[in-house]
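The values are calculated or read from the model by the stated rules, or taken from the named source; none is laboratory data. These numbers come from a predicted model, not from an experiment. In this analysis, Cβ positions are derived from the backbone assuming ideal geometry, glycine residues included, and neighbour counts consider all displayed protein chains. Accessible surface is based on the protein model in full, side chains and every heavy atom, while ligands, DNA and RNA are left aside. Shrake-Rupley method; radii C 1.70, N 1.55, O 1.52, S 1.80 Å.
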Amino acid sequence: MPTGQLPGLAHVTLENNWIRRSWCIVDGLATTEYAIRPREGGPWLEAMHWHPWWPLDGLVAVDGVDLPISRTVDPPEEGMIRGVFAVRDVRRWTGDGSHGVDFVLAPGEGLPRVEVTLHAELIGDQPLMRTWLTAVNVSDGPLRITRTALEAVYPNRLEMEVMWSGFDTECLVDNDQRFPARAIPRTVRYEQPLGPGQSCESFRLMTAVCPSDRQWRTAARHDLVHAFAPHTCRPKILQQADGWADLDELRASIDEAAAVGVEVVLLFVAEGWSYGDLELSPKLFPRGEQDVRELCRYAEQRGVEIGFYVGECIATPDSRIVQEHPDWQFLGIEGRRYSPGSIGNMCLSSPWGEHFRRKIDWLLGLGVRALQTDGPPYSQVCFEASHGHGSPETACLENWAWEQRFNRQMAERGVFVQSPTVASRLFDGVGQIPGGYTEDDMSVLKGLDQITQFRANLVAANDQLPPSCRWGFMSVGTMYGGGRPSMVGDPEHELDRLEHALATHLGLGFTGCLHGKHLYSGPKSRAVVERWIGFYRTYRRLLTARTVTLGTPDCRGIDGVMHCHPHDNPCAVAVLFNPSDRPQCARFLLPLELAGWREGRKATVRAEDCGEAGPLEIDDRGCGLLEVHLGPRQVSWREVNWT
């Protein structure tokens, strides 16, 4: 049976120019029509094949019993899905740039008394949809929500990209389907009572519609992140360092950073305050909080914010906090405490969580505006009875929920947060996560060949997430007290290496982390730093939109990326690298449809070092032919404008 509304039955439809979805609200709730437009103005395509016993729009498990959201009529064959919820209310709503519908569902007789709401949201006139569940205990006693699932809608189209935000530990995938929309993430077992009147929320499933090719799928992922986590479009150019001798040297670094356009100076690991005890460094701040407050004011006057690295759940064994409160640590099944050097030893469900939060509030009150967290403990069970866990296993979920609340509070206060965590945390307020590099890169990537390979790693990661929400790493100075050397050596005498390293970060759209007390050591290296920070600030809107690969870095020829925005002019900028020791020529097809091309539209292209723009030849598929000549070890860019 093809997709479509069921004759004679009431339906509710949610649609824009890209997505049209209808639910039958008689005899339960079920999606009966799901159509998409992969290209603007194109034909509607069926995104699912409907069966009378399928789809499963969602599921809530109470005390281990699955309660499906589907049609409540008897299925044609034994063992097939039958829904248990009736539609009690339908609420349409319009928000800031979005509109949606909430289906309030009541369980049938003899079932656990849990009211479930299925939420569906479309984002403006974009090919983006978000769905999630809310469950409320409407009984007189406690219940346990032990699992949730979403969107087993039996889709049959390839033109969809899916991400989700929430705590999930496993993903069920039907091998007959070849794309992520068939994936059903599931929450970990809660094992914790939901008291009368209390509610919980499932993960949020986010879907983007796109044509079936690599560049469009990359753009769809980037659009999805920027739409549902808009703060990722506002990254800060961040310099981090350690090893300052005193406050005067730190102020000198701030002066240098401000002079070239750096926006955040972050005090790296244990530089600003101590692990665990969270006490200010007497070396840098002999007068304590007065010095921090004055430093933040000093930086602010120069257009720079101060950031601190904070060990969210890390405290060394010799710290006062561990000595006085050993029970605040995780307790493993073997009766041993966790090592702080792995993924953290302090349990956020213990009094440590409130202690840490108070310390952060105090730090922000002094004027600190950026945080780099570390050690989120999502995989550690905890047998410490005094922490009040629902079970040792739910410590994972409880610590995850604590950090979710913390990240959202920081986002509401405008605090820029970097965290070595999973992509779903971006939708909770984290500004950047690592992307495309390992910590080993910090110490071994020296020389153009290795920096080019580093760029290849970062470019490959662009297929999954936009560079605006990820950080790379470029060390101009040593780190960890000099234990790891610089990537570029002496900047003033390694200008090619410095340029390629900076362009690999800022040119690709990464704003951090630039590591070192000094990013330049003379007038020539300063000019290189100013050039690439200036490039980023000039093209920030493009660099925080869509990024696609033009050529893979391989040390043999010119490679590059194109940043573009479908509603801006300049509409695109291509950043191009020649890592070789000889002149190189290359031709690239710029996918200008991603930049807003439509039939008949014309464009010009201008080289970075040329004031005049020339016409850009565009074929019938919206691809612009760009021919590039670069000298040995040259890095350059080309700006594209609609006429």
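Given H placed on each backbone N at 1.01 Å, which residues far from Ser580 in sequence or on other chains put an amide H within less than 5 Å of it?
Arg633
Between Leu9 and Asp63, what FRET efficiency follows from the Cβ-Cβ distance if R0 is 22 Å, with the result rounded to 0.05?
After rounding, the FRET efficiency stands at 0.10.
With label points built 7 Å along Cα→Cβ from the Cα atoms of Gln453 and Leu111, find their separation and express it in nm.
The answer from the label model is 5.6 nm.
For Arg357 and Ala385, compute 0.36 nm times the residue count separating them, minus their Cα-Cα distance, and round to one decimal in nm.
The Arg357-Ala385 span can extend by a further 7.9 nm.
Can you give the direction-averaged projected area of the convex hull of the alpha-carbon atoms in the chain, in nm²?
31.3
Where the centre of each part is set by its Cα atoms, how far does region 533-564 sit from region 215-231, in angstrom?
16
Taking only protein heavy atoms into account and a 1.4 Å probe, give the accessible area per residue of the chain in Å².
I get 39 Å² per residue for this part.
When the helices in the chain are scored as -39500 (n - 2.57) per DSSP H run of 4 or longer and the sum is shared across all residues, what 222 nm value do you end up with, to the nearest 500 deg cm²/dmol?
Helix-only estimate at 222 nm: -6000 deg cm²/dmol.
Out of the total accessible area of the chain (probe 1.4 Å, heavy atoms of protein only), what percent is carbon and sulfur?
Carbon-and-sulfur percentage of accessible area, whole number: 49.
For Ala460 and Trp44, what does the FRET efficiency come to when R0 = 35 Å and r is the distance between their Cβ atoms, rounded to the nearest 0.05?
FRET efficiency, Ala460 to Trp44: 0.55.
With the calculation restricted to Cα positions, what are the radius of gyration and Dmax of region 79-134 in angstrom?
Taking only Cα atoms of region 79-134, I get Rg and Dmax of 13.9, 43 Å.
Mind counting lysine pairs for me in the chain? Cα separation below 23 Å, and the two need to be 8 or more apart along the chain or on different chains.
Going through the chain pair by pair, I get 5.
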